[in-house]
Amino acid sequence: MKHVLLLLIAFATAAPAADLLIENVTLISPEQAQPLANRHVLIRDGRIVSVGQQRIAAKADARKIDGRGKFLTPGIMDSHVHVGDAAGIPPMSDDPAIAALRDQYLRQQPRSYLYFGVTQVLSLAALQTGLETFESQPVRPDLFHCGAVPVLDGYPLVFIPEQVRSQLFRDYVFEPANAKEHPLPAGAKEAEHTPEAVVERIAKGGARCVKIFIENGFGPASDWPLMSKETLARIRAATRKHKLLLIAHANAIDMQRIAVDADVDVLAHGLWNWNEYEGQQGVPEPIAAHLRNVRAKRIGYQATLRVLPALADLFRADTLKDPTYAKVVPPEVLAWYSTEPAQFFKKEMRGSNTAPDPKMAQMFFKVGEHGMRALRYLHDLGHPLLLGSDTPSAPTYGNQPGYDTYREMRLMAQSGVSLPAIFRAATINNARQFGLDKDYGTVEAGKHANLLLLTANPLETMRAWAQIEKVILHGNVIERDSLAADQ
């Protein structure tokens, strides 16, 4: 039945109807100071043609939607995802049963984003095979991607077996300052791993941005190699030459200071590791000073608040009882999550710690709370925020596509970010930051018709984002329920 449904949806979305007319709807668009009641929106060939108060003449065969009592918004953009990664499933297993689960998951992944209104995604550090798998699905959000540039032997290469590193991360940078302890692998050519050569390859591959990793270790580790100041400056110059944004993985105060000094365009994580300032109340002045510097330099900020709770979810007894999981996870995968083999990452996260599960969960929540305070501080400064969920941030089944975008927005609200600011972060701010605002981010004539029809006002309640009635993707109307994994 599911395969039949996929084919039907693929047929329905293959060629947009000539006209789609949404009448008498309340329009909520971030360039407007307030909701606009009784608007009529005409869509033709996947684009918005007109928006107005007067009734619009449409073709006789146009599809019409009565928008009375409904709210029309731009589709959501999640600017930090990892398409092609299957949450909670071993990433490198060659077990045929695991491979089958992974395939099921990746077929559903784009639909789960759409189920929660995510009509555009930016994939950071995605492998080419992951991009291709996502693009091959018949119904999917619009996909953009960012090229990953780790330093040789640094994060995330430290977690990848040496025999497959060159296949997964060809575009690593050789750091001359680290040459003694981290020499080039046999057969590798230094000229192919300079900042200039790597960024040029990424630019030719159609990426919109370059992601670097400023990370010297997790937990007690602090000896992973980093790029030198000179190498970072060369990467910055190369990205500007090719008109690519520079995005930095950095979540600790010392790592984020390096990123800010390197003039990155976007911080891909919130600030949750405060190091020597942890345990202090409020926002300690050194943390506040750093955040003011982020604001002064107009650096984009993705809070990624769901990263730590998604780890905590491994230690919560109620995680897999959440009924929403059935909407975004294929049934076979959801059943497998409860098996002993599926606890592989939970065991890795526990390590030698013998604390009971609730205490382990609380440990992750406590660290994540720092990120919430930092986000609130930036918000109070008036800094425009970006919505990015980092789904999946690790091999945890706590991160689920679409659902984690929604949960990221909920955590933003719990941090003290206003609903209008969250709305802008999910729409126009992401579009502007990544150079997509000519086509996305508002409900205006000329824009792609990636829209959401809601039954509640998202400027009044966060629950509105879970009350989507229809997803409109390039002018094609998709009933939300048809996107669920349990259909």
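The values are calculated or read from the model by the stated rules, or taken from the named source; none is laboratory data. Treat the numbers as computed from the prediction; the structure is a model and nothing was measured. In this analysis, Cβ positions are derived from the backbone assuming ideal geometry, glycine residues included, and neighbour counts consider all displayed protein chains.
I want to confirm something. Restricting to region 386-418 and keeping residues that are buried (at least 24 other Cβ atoms within 10 Å of the Cβ), in a loop (DSSP other than H, G, I, E, B) and of a type outside the set (Gly, Ala, Ser), which single residue is nearest to the chain's Cα centre (by Cα)?
Across region 386-418, the extreme among qualifying residues is ASP390.
Suppose we filter region 200-237 for residues that are farther than 25 Å from LYS180 by Cβ and either of a type in the set (A, V, I, L, M) or not assigned by TED's automatic domain parsing to the domain that holds ASP390 (or both); how many remain?
Selection size over region 200-237: 5.
Counting only residues that are outside any strand (DSSP E or B), closer than 27 Å to SER352 by Cα and either small (Gly, Ala, Ser) or at pLDDT 95 or above (or both), how many does region 217-252 have?
Result for region 217-252: 8.
With of a type in the set (Gly, Ala, Ser) and buried (at least 18 other Cβ atoms within 10 Å of the Cβ) as the only criterion, which of ALA97, ALA148 stands out?
Criteria check complete, one pass: ALA148.
If the Cβ limit is 7 Å and pairs must be 6+ apart or interchain, which residue in region 376-390 that is more than 13 Å from GLY416 (Cα to Cα) pairs with which residue that is charged (D, E, K, R) and surrounded by fewer than 24 Cβ atoms within 10 Å (Cβ to Cβ)?
HIS383/ARG295; PRO384/ARG424
Being out of contact with any Pro (no Cβ under 7 Å at 6 or more places or on another chain), outside the structural domain of ASP263 (by TED's automatic domain parsing) and either at pLDDT 95 or above or of a type outside the set (Phe, Trp, Tyr) (or both) narrows it down to one residue among LYS366, LYS359, LYS327, LYS347; which is it?
Only one candidate passes the filter, namely LYS327.
I want to confirm something. Restricting to region 448-474 and keeping residues that are touching a Lys or Arg at 6+ places or on another chain (Cβ under 7 Å) and part of a loop (DSSP other than H, G, I, E, B), which single residue is farthest from ALA326 (Cα to Cα)?
Going through the qualifying residues, I end up with ALA449.
Does region 185-206 hold any residues that are without any contact (Cβ under 8 Å) to a residue 40 or more places away in the chain and among the small types (Gly, Ala, Ser), and which are they?
ALA186, GLY187, ALA188, ALA191, ALA197
Here is a yes/no grid of residues against (1) hydrophobic (A, V, I, L, M, F, W, C); (2) more than 26 Å from the chain's Cα centre (by Cα); (3) surrounded by fewer than 21 Cβ atoms within 10 Å (Cβ to Cβ); (4) farther than 24 Å from PRO195 by Cβ:
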{"residue": "LYS211", "(1), (2), (3), (4)": "no, no, no, no"}
{"residue": "PRO220", "(1), (2), (3), (4)": "no, yes, yes, yes"}
{"residue": "ALA238", "(1), (2), (3), (4)": "yes, no, no, no"}
{"residue": "ASP254", "(1), (2), (3), (4)": "no, no, yes, no"}
{"residue": "ARG257", "(1), (2), (3), (4)": "no, no, yes, no"}
{"residue": "LEU271", "(1), (2), (3), (4)": "yes, no, no, yes"}
{"residue": "GLN281", "(1), (2), (3), (4)": "no, yes, yes, yes"}
{"residue": "PRO286", "(1), (2), (3), (4)": "no, yes, yes, yes"}
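Out of GLY441, GLY446, GLY435, I need the residue that is more than 25 Å from PRO138 (Cα to Cα) and among the small types (Gly, Ala, Ser). Which one?
GLY435
All but one of (1) touching a helix residue (DSSP H, G or I) at 6+ places or on another chain (Cβ under 6 Å); (2) under 17 Å from TYR397 (Cβ atoms) hold for GLN109, so report the exception by its number.
Exception for GLN109: condition (1).
State all residues of region 310-337 that are part of a loop (DSSP other than H, G, I, E, B) and of a type outside the set (Lys, Arg); if no residue qualifies, say none.
Listed by number, the residues that qualify are ALA317, ASP318, ASP322, PRO323, THR324, VAL329, PRO330.
So is ASP437 without any contact (Cβ under 8 Å) to a residue 24 or more places away in the chain, in contact with a helix residue (DSSP H, G or I) (Cβ under 9 Å, 6 or more places away or on another chain) and of a type outside the set (A, V, I, L, M, F, W, C) or not?
yes
Determine whether GLY398 is touching a Leu at 6+ places or on another chain (Cβ under 9 Å), closer than 17 Å to PRO74 by Cβ and in the same structural domain as LEU311 (by TED's automatic domain parsing).
no
Examine region 47-57 for a residue that is closer than 17 Å to VAL477 by Cα, surrounded by 15 or more Cβ atoms within 10 Å (Cβ to Cβ), modelled with pLDDT under 85 and touching a Leu at 6+ places or on another chain (Cβ under 7 Å), and state whether such a residue exists.
No; the residues of region 47-57 include none that is closer than 17 Å to VAL477 by Cα, surrounded by 15 or more Cβ atoms within 10 Å (Cβ to Cβ), modelled with pLDDT under 85 and touching a Leu at 6+ places or on another chain (Cβ under 7 Å).
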